[in-house]
Amino acid sequence: MKECCEYKTKENGACQCEACNHFCTISDGHVGICRVRQNVKGKLYLLTYGKVAAINIDPIEKKPLFHFLPGSKAFSFGTFGCNFQCANCQNYDIAQISGKDMAKNNWGRDLEPEKIVQLAKSNGCESIAYTYNEPTIFWEYALDTMILARKAGLKNVWVSNGFMSDKVLDAIIPYLDAINVDIKSFDDEFYKTNCRARVQPVLDNCKRLVKAGVWVEITTLVIPTLSDDEQMLRRIARFIKNELGDFVPWHISAFSGAISWKLQYLPDTPVEKIKKVQTIGKEEGLKYVYVGNI
Ligand code: SF4
Ligand code: SF4
């Protein structure tokens, strides 16, 4: 547990967290939407600082990042909680856990930033990936690690839903080398009903990241009936081409109901559908359109 960096305390003792675009107002004893940032007597604390929920050495292509250090290993870790509640979440066993439950049950493994960097180096990794759950909600822990990683000659990559605030982007961009951002749909209604979030901040952040020179790749999960409308997917492809650049890779990923949090009743995405979306991406002028999970 460590005090958060970007928040305001109001006269009534409530804290306003400024880490992501939810800007939660949190009263004493309570946590924000992500359930890992808690107001304790007018101060906001990150309950998951130094606590790792999942850790792996992955090929960087698994993030997925196909155009950044190809063939290299990424030391990958995540904590608990998420600022989204995607019904399709595959990592719900860690992403939909509260910081209070984590502490009560003593879940997770203690790993300070120094130790993460040391493990990444000793395992021959060229980068550290902040992944599995949303790094924005543990960004203070991530940033402390990123600063040490940069000094040690390692690259930093985030796998993100892209909903961080401007202040968090300001803080991380100097140390961030690459990021894969989910554009889950171009439809705000999908973001509201499926993820309890909004799409516009994600689009704005993608533009800012590219402009800042961070290497960006985009992923879209095609969920039958929920995010498989071809006109909508064409709008994502146009956005990438016109607002980010035709060189930005687009990963189109097939949905699998069996491993989702709440969508087991939906069928898997047909291979033909994924290939059709790949064709749409190419028709819209994207140079790199990849298919995954098929
Ligand atoms: S990170 Fe986002 S969801 Fe979590 S408390 Fe802060 S504003 Fe709320
Ligand atoms: S943003 Fe990712 S980790 Fe968070 S709920 Fe959605 S799918 Fe799960």
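None of the figures in this text is laboratory data; all of them are computed from the coordinates on show. Remember, it's a predicted structure, so these values are computed and weren't measured experimentally. FYI the Cβ positions are ideal-geometry reconstructions off the backbone, even for glycines, and counts take in every protein chain you see.
Counting Lys and Arg as +1 and Asp and Glu as -1 over every other residue whose Cβ lies under 13 Å from the Cβ of residue 75, the net charge comes to +4.
Along the axis of the charge dipole computed for the stretch 51-292 (Cβ charges of +1 for Lys and Arg, -1 for Asp and Glu, origin at the Cα centre), the listed residues 239, 77, 227 are led at the positive end by 77. If only the Cβ of Lys and Arg carry +1 and only the Cβ of Asp and Glu carry -1, the dipole of the stretch 2-46 around its Cα centre is close to 120 debye.
Among 193, 149, 59, flag the residue with its Cα farthest along the positive direction of the charge dipole of the stretch 51-292, charges on Cβ as +1 for Lys/Arg and -1 for Asp/Glu. Among 193, 149, 59, the one farthest towards the positive end of the dipole of the stretch 51-292 is 149.
In the frame of its principal axes, the stretch 75-184 has Cα extents of 37, 32, 23 Å, reported largest first. On the beta carbon distance between residue 105 and residue 283, with R0 = 45 Å, the FRET formula returns roughly 0.35.
Nearest-5 percent of antiparallel DSSP beta bridges in the stretch 51-292? Of those bridges, close to 25 percent are antiparallel.
Relative to the 2.2 N^0.38 Å rule of thumb, the chain has a C-alpha radius of gyration ratio of 0.97.
The ratio of the alpha-carbon radius of gyration of the stretch 224-277 to the globular-protein estimate 2.2 N^0.38 Å is 1.29. Count Lys and Arg as plus one, Asp and Glu as minus one, and take only other residues whose Cβ is under 14 Å from that of residue 15; the net charge is then 0.
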